[in-house]
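Heads up, the thing below is written out as structure tokens.
The values are calculated or read from the model by the stated rules, or taken from the named source; none is laboratory data. Quick caveat, the model's predicted, so the values are computed rather than measured. Note that we place each Cβ from the backbone using ideal geometry, even for glycine, and neighbour counts take in every protein chain shown.
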Amino acid sequence: VEARTPVPRQNLRVPGPTPVPPDVLEAQAAPMINHRGPEFSAIMKRVTPRLEYFFQTRSRVLTYPASGTGGQECAVVNVFSPGDHVVSIIIGNFGTRLAKIAEAYGVKVSRIEFAWGEFADPAVVEARLKELAPYKGVMMTHNETSTGVTNDIQTLAALVRRLSPDALIVVDAVSSLSSLPLEMDPWDLDVVFTGSQKGWMIPPGIMMIAASERAWQAHKTSKMPRFYWDWSSTLKQLESSWQHPTTPPVSLFYALDVALDKMLDEGREAIFARHVRAGEYVRGRAQAMGLELLAKDARYASNTVTAIRAPEGIETKALLKKLHDQDQIVLADGQDHMKGKMFRIGHLGYFTDADLQQAMDAVERHLKELGYRA
Ligand code: PLP
């Protein structure tokens, strides 16, 4: 085998995984404990209500060892049944994935699809929903990480509720929850899920999900085959012992416990404000360089990830390589059909103004070297 080399210190500016603060990294190095013992239960008892504070819900937040895609699958299998008609509002790659997962489980999915860079226009959604009724649920992405666009979930949810009061509103909040305002109960959302490697300042591996009373009722009658993702067994174990039915990623919970302390110290609204400033800064720098954002309407540009079109004649790959090799700055390429045609800068979770400035200064310098003239 090749010799092991140390993991480099980078300015990791992909939209997840995100950098982890030193004290959170350190917390993970604590000795292993029994996941059926009192020490682990004590952690869960501290972590769970604080997650609920960030979800803004009175429902229990359940956690699973999984990535964000696990959250998508967990949502689908717990509330729908094979043959159900469900509407998917899609503005990019992750909306498409959620629709495909539902189809893989036999759900009949109708797509309301927007071009990459667009937000889900409530007027268009309303007209289409009227044509598509009846439906059991509507699935939507809060922050589309592939395009750097944030949907107006509050407005979309309100219109679904007005048109179809019993429809289940499923929201993918993987790259937004804790960084951007999302109010599960006040907005009457039914299923909301997120992933630890985004705004939570800890490594990948914990998926968090909450369900409204309406979603729990649907869960009881859902005929979807499931075992690992079953909410009932997860809730039962949490309520009886503050534990999980399977083995949890114990060290990640050490990290989450400390990260939540830090998040509460900073304050929920202060975290939101820091992400607004980050989004405005990165977009401002991009526009000052004459670059084009993928987000067509600045009002819906994401404050956790900025997607920028590669200038004419410049290969994203060459730019990302220079940033990586010369500056230890790591940005993300485009996904799917936009690979090589755009790049994405993550600004969520743990970052400083200096991190963002260093990244944007380097982007400007390397683009010039690659021949870009604004
Ligand atoms: N949904 C959204 C909005 C995402 O940003 C991501 C990942 O970037 C996912 C789902 C899938 O998450 P994962 O890659 O952790 O499975």
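Restricting attention to the range 109-137, the residues that are farther than 25 Å from His337 by Cα and exposed (fewer than 14 other Cβ atoms within 10 Å of the Cβ) total 6. Restricting to the range 279-303, name every residue that is touching a helix residue (DSSP H, G or I) at 6+ places or on another chain (Cβ under 6 Å) and under 16 Å from Gly16 (Cα atoms). Across the range 279-303, the qualifying residue is only Asn303. I'd like to check something: does the range 185-201 contain any residue that is more than 18 Å from Arg50 (Cβ to Cβ) and exposed (fewer than 15 other Cβ atoms within 10 Å of the Cβ)? The answer is yes; a qualifying residue exists.
Considering the range 74-88 alone, what residues qualify as being within 16 Å of the ligand (Cβ to nearest atom) and not in a strand (DSSP E or B)? Before you say what the answer is, go through the steps one by one.
At the first step, the residues of the range 74-88 found to be within 16 Å of the ligand (Cβ to nearest atom) are 74-77, 88.
Within the range 74-88, Cys74, Ala75, Val76, Val77 meet the criteria.
Identify, please: which residue in the range 32-73 is aliphatic (A, V, I, L, M) and either outside any helix (DSSP H, G or I) or within 16 Å of the ligand (Cβ to nearest atom) (or both) and is, among those, surrounded by the fewest Cβ atoms within 10 Å (Cβ to Cβ)?
Here is the first cut: in the range 32-73, the ones aliphatic (A, V, I, L, M) are 32-33, 42-44, 47, 51, 61-62, 66.
Among the residues that remain, those that are also either outside any helix (DSSP H, G or I) or within 16 Å of the ligand (Cβ to nearest atom) (or both) are: 32-33, 61-62, 66.
Values: Met32: 8, Ile33: 16, Val61: 23, Leu62: 22, Ala66: 23.
By that ranking, first place goes to Met32.
Would you be able to say whether some residue in the range 138-150 is away from the ligand (no atom under 12 Å from the Cβ), out of contact with any Phe, Trp or Tyr (no Cβ under 8 Å at 6 or more places or on another chain) and among the aliphatic types (A, V, I, L, M)? So that I can check it myself, show each step before the final result.
Of the residues in the range 138-150, the ones away from the ligand (no atom under 12 Å from the Cβ) are 138.
Restricting the remaining residues to those that are out of contact with any Phe, Trp or Tyr (no Cβ under 8 Å at 6 or more places or on another chain) gives 138.
After this cut, where a residue has to be among the aliphatic types (A, V, I, L, M) as well, the list is 138.
Yes, because at least one residue in the range 138-150 is away from the ligand (no atom under 12 Å from the Cβ), out of contact with any Phe, Trp or Tyr (no Cβ under 8 Å at 6 or more places or on another chain) and among the aliphatic types (A, V, I, L, M).
Among the residues of the range 89-100, just one is crowded, with 20+ Cβ neighbours inside 10 Å, in a helix (DSSP H, G or I) and touching a helix residue (DSSP H, G or I) at 6+ places or on another chain (Cβ under 6 Å), namely Leu98.
Can you name the residue in the range 156-166 that is farther than 20 Å from Ala210 by Cα and surrounded by fewer than 20 Cβ atoms within 10 Å (Cβ to Cβ) and, of all such residues, is nearest to the ligand (Cβ to nearest atom)? Break it down stepwise before answering.
Going through the range 156-166, the residues farther than 20 Å from Ala210 by Cα turn out to be 159, 162-164.
Retained after the next criterion (residues that are surrounded by fewer than 20 Cβ atoms within 10 Å (Cβ to Cβ)): 159, 162-163.
Numbers: Leu159: 21, Arg162: 25, Leu163: 24 Å.
Step by step, filter the range 156-166, then rank; the result is Leu159.
Quick test for you: out of Thr246, Thr234, pick the one residue that is modelled with pLDDT of 95 or more, exposed (fewer than 14 other Cβ atoms within 10 Å of the Cβ) and either under 30 Å from Ile314 (Cβ atoms) or touching a strand residue (DSSP E or B) at 6+ places or on another chain (Cβ under 9 Å) (or both).
On the way: Thr234 fails: exposed (fewer than 14 other Cβ atoms within 10 Å of the Cβ).
It is Thr246.
Can you find a residue in the range 93-100 that is within 16 Å of the ligand (Cβ to nearest atom), more than 22 Å from Pro204 (Cβ to Cβ), of a type outside the set (Ser, Thr, Tyr) and touching a residue at least 40 places away in the same chain (Cβ under 8 Å)? Full working, then the answer.
First, the residues of the range 93-100 that are within 16 Å of the ligand (Cβ to nearest atom): 93-100.
Restricting the remaining residues to those that are more than 22 Å from Pro204 (Cβ to Cβ) gives 99.
In the following step, the residues that additionally are of a type outside the set (Ser, Thr, Tyr) were identified as 99.
Cutting the leftovers down to touching a residue at least 40 places away in the same chain (Cβ under 8 Å) gives us 99.
The answer is yes; a qualifying residue exists.
From the list Ile112, Ile91, Ile153, which one is in contact with a His (Cβ under 6 Å, 6 or more places away or on another chain) and of a type in the set (A, V, I, L, M)?
On the way: Ile112 fails: in contact with a His (Cβ under 6 Å, 6 or more places away or on another chain); Ile91 fails: in contact with a His (Cβ under 6 Å, 6 or more places away or on another chain).
When all the criteria are applied, what remains is Ile153.
Tell me yes or no: at least one residue of the range 338-347 is farther than 18 Å from Asn93 by Cα and surrounded by fewer than 21 Cβ atoms within 10 Å (Cβ to Cβ). No: zero hits. Only one of Ala115, Ala157 is in a helix (DSSP H, G or I) and on the phi < 0 side of the Ramachandran plot; which? Only one candidate qualifies: Ala157. Are there any helices (runs of 4 or more DSSP H) wholly within the range 228-345 with 1 or more residues that are of a type in the set (D, E, K, R) and under 21 Å from the mean Cα position of the chain (by Cα), and if so which? Result: 250-266, 268-288. When the range 167-208 is limited to residues that are more than 11 Å from the ligand (Cβ to nearest atom) and out of contact with any Ser or Thr (no Cβ under 8 Å at 6 or more places or on another chain), the one that is nearest to Thr96 (Cα to Cα) turns out to be Val170.
Is it the case, given these coordinates, that Ala374 is among the small types (Gly, Ala, Ser), within 25 Å of the chain's Cα centre (by Cα) and surrounded by fewer than 13 Cβ atoms within 10 Å (Cβ to Cβ)?
On the way: among the small types (Gly, Ala, Ser): yes; within 25 Å of the chain's Cα centre (by Cα): no; surrounded by fewer than 13 Cβ atoms within 10 Å (Cβ to Cβ): yes.
So Ala374 fails the test.
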